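Step one of this worksheet: look at the structure below.
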Amino acid sequence: MASVIVVGGGAAGLVAAWRAASQGHAVTLLEANGRLGVKLRISGGGKCNITHDGPPKALLAAFSKDQARFLRPSLHAFGNGAVLDLLRREGVETYTRENGRVFPQDRPGSAAAVVAAFETLVRRVGVDVHTGARVTALEGRMAGQEGGAPRLAALRLGETRMEADHVILATGGASYPETGTRGEVLGWLRELGVPVKPWFPALAPIPLARPRPAWEGVALRNGELRLSAGPAGRRLAAFAGDVLFTRTGISGPAALELSQAVERARRDGAAWLTHASLLEAPEAVDAALQAEARANPRLRAATWLQRRLPERLVEDLLPEAGVGRDLMLKDLSKVGRRTLVGLVTALPLGAPQPVPLARGEVAAGGVDLVAVDPRTMALRGWENLRVCGELLDLDGPVGGYNLQAAFSTGYAAGTI
């Protein structure tokens, strides 16, 4: 029997602790917050998108090639079916939406039910759980005297030095710091010579240089959010999905998915956002507008635009475009017609502001995957140190992929 310390009581840490204790090891779980699974409790707006449906190959396809290659062993060892079976045995029934996202059955506190199930599991197998226990330092020393010997890790909990046969770090990333994921462990690992990549915002809302607070709550649908290098620059990235206006910018599936690319482009010096319709091409909209002008010459341009864009947007866009509210289609100039067609087919949202790392659903960056054994999550060159979950340089899309990666890598780390 080995002694194991797991640092972090989130998705990855809970699974790692349960797995290690299930194998007969003496496991201590240290959680900085006053209760376990704080970030899990608020995931998916409190509904908890547990995982994504489909075979391992489909789940892996959602990650970059390097990340998918790394995840393959752990995902095959503990995939979505295993996670759901485990929860079902603890009374958590789930359902799958049409888009493949898996949730607990809808009821108040469904995310809390997921956390409660994992907490029951770890306590049942004898894990010694300590909440309010924030690790303050990570130490490393050579395990032997000869050159090239692996290193051993120890922890400091205040003034107390803690050692174990195995130390598993499952401390999360740097998003939502109010949940305790401050990201400081990455700095400790860097100081100990572990290759890491700096934290970077991912799956985050995008602030705009020109926010539209009057549009808060308005959604743009049936379109594609496009990122380009300036208003007339080349296209850098695009994602089809809904966009939701906030007081400071945009959110929604398309904004979250594009946020990492937006921030990289912004730091490179040129970023511009447009929402393009996927229903009609500019030529078709222009032809429809001209046909409408012939059939209903006295129809107001504002009325025509309100049929294609949310009314709250039209109230602001018309004067900005230089089109009078009472202007009739028969009086619309060629320039005015092009302007209306442009608003419908490629609505300019403008330049982004810095994307907040703290508001991302996940954080890109973390421990470089080349430094980790994908079968065990052991850090190469270390005798007793493993890492899992969001602390790894893994960032999948919205849809349960990142939680599944946390569960799978936590299971691998706890398999000792």
Considering only DSSP beta bridges where both residues belong to the chain, give the percentage that are antiparallel (nearest 5). 70
Summed over the other residues with a beta carbon less than 11 angstrom from that of Leu59, with K and R at +1 and D and E at -1, the charge totals +1
Can you tell me how the stretch 1-150 classifies by the Cα gyration tensor, rounded, prolate or oblate, using a/c under 1.5 as the rounded cut? oblate
Please build a GNM for the chain, connecting alpha carbons under 10 Å apart, and tell me which residue among Arg380, Arg264, Arg338 fluctuates the most. Arg338
For the chain, with +1 on Lys and Arg beta carbons and -1 on Asp and Glu, the positive-most of Leu138, Asn402, Ala321 along the dipole: Ala321
Cβ-placed point charges (K, R +1; D, E -1), dipole of the stretch 206-275 about Cα centre in debye, nearest 20: 220
Within the under-13-Å Cβ sphere about Gly249, not counting Gly249, Lys/Arg +1 and Asp/Glu -1 give a net charge of +3
Over the stretch 206-275, calculate the relative contact order: mean separation of alpha carbon pairs under 8 Å at least 6 apart, over the residue count, as a percent. 38
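Can you give the net charge of the other residues whose Cβ lies under 12 Å from the Cβ of Val387, counting K and R as +1 and D and E as -1? Before the final figure, lay out the partial values.
On the way: positive: Arg380, Arg386; negative: Asp368, Asp373, Glu390, Asp393.
Overall, the nearby charge balance is -2.
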If you take Rg and Dmax of the Cα atoms in Å from the coordinates, which of (1) 25.4, 90; (2) 22.8, 76; (3) 21.2, 66 do you get? (1)
Along the charge dipole of the chain, Cβ charges K/R +1 and D/E -1, which of Leu347, Asn80, Ala265 sits furthest on the positive end? Leu347
Could you please rank Ile5, Ile42, placing first whichever residue has the fewest other Cβ atoms within 10 Å of its Cβ? Ile42, Ile5
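Need the full-extension length gain, Asn99 to Ala346, defined as separation in residues times 0.36 nm minus the C-alpha distance. One decimal, nm.
Full extension of this stretch gives 86.3 nm more.
With r as the distance between the Cβ atoms of Gln290 and Glu191 and R0 = 41 Å, compute the FRET efficiency 1/(1 + (r/R0)^6) and round to 0.05. Kindly include the intermediate steps, with their values, before the conclusion.
Details: r = 66 Å, r/R0 = 1.61.
Between Glu191 and Gln290 the formula returns 0.05.
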Explain nothing, just the number: dipole magnitude of the chain about its Cα centre with +1 on each Lys and Arg Cβ and -1 on each Asp and Glu Cβ, in debye rounded to the nearest 20. 800
If I model a spin label at Ser333 and Lys57 as a point 7 Å from the Cα along the Cα→Cβ vector, what separation in nanometres do I get? 5.9
Linear extension gain, Ile42 paired with Arg380, 0.36 nm per residue minus alpha-carbon span: 118.3 nm
Mind checking which of Ala170, Ala363, Ala82 has the largest fluctuation in a GNM of the chain, springs on alpha carbons under 10 Å? Ala82
Suppose each label sits 7 Å from its Cα in the direction of the beta carbon; what would the Ala137-Ala219 distance come out to in nanometres? 5.1
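What length, rounded to one decimal in nm, is gained on full extension from Asp326 through to Arg298, with 0.36 nm per residue of separation minus their alpha-carbon distance?
Residue separation times 0.36 nm, minus the Cα-Cα distance, leaves 9.1 nm.
As an exercise, use a Förster radius of 25 Å and the Cβ-Cβ distance of Asp368 and Asp268 to find the FRET efficiency, rounded to the nearest 0.05.
Efficiency for this residue pair is about 0.70.
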Just check the stretch 1-61 against the gyration tensor rule for me: Cα atoms, a ≥ b ≥ c as the square roots of the eigenvalues, rounded for a/c under 1.5, and otherwise prolate or oblate depending on whether a/b exceeds b/c. oblate
For the chain the mean separation of alpha carbon contacts under 8 Å (6+ apart) over residue count, i.e. relative contact order in percent, is 24
Over the stretch 282-349, relative contact order from alpha-carbon pairs under 8 Å, at least 6 apart, %: 44
Rounded if a/c is under 1.5, else prolate if a/b is larger than b/c, else oblate: which is the stretch 196-301, with a ≥ b ≥ c the root eigenvalues of its Cα gyration tensor? prolate
With springs only between Cα atoms under 10 Å, which of Pro207, Pro352, Pro231 fluctuates most in a Gaussian network model of the chain? Pro231
For the pair Arg69 and Asp128, the simple spin-label estimate (label points 7 Å beyond Cα toward Cβ) gives in nm 4.1
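Coordinate-derived values only; no laboratory data. In this text the structure is predicted, and so the values were computed from the model without any measurement. As a convention, Cβ positions derive from the backbone with ideal geometry for all residues, glycine included, and neighbour counts pool all protein chains shown.
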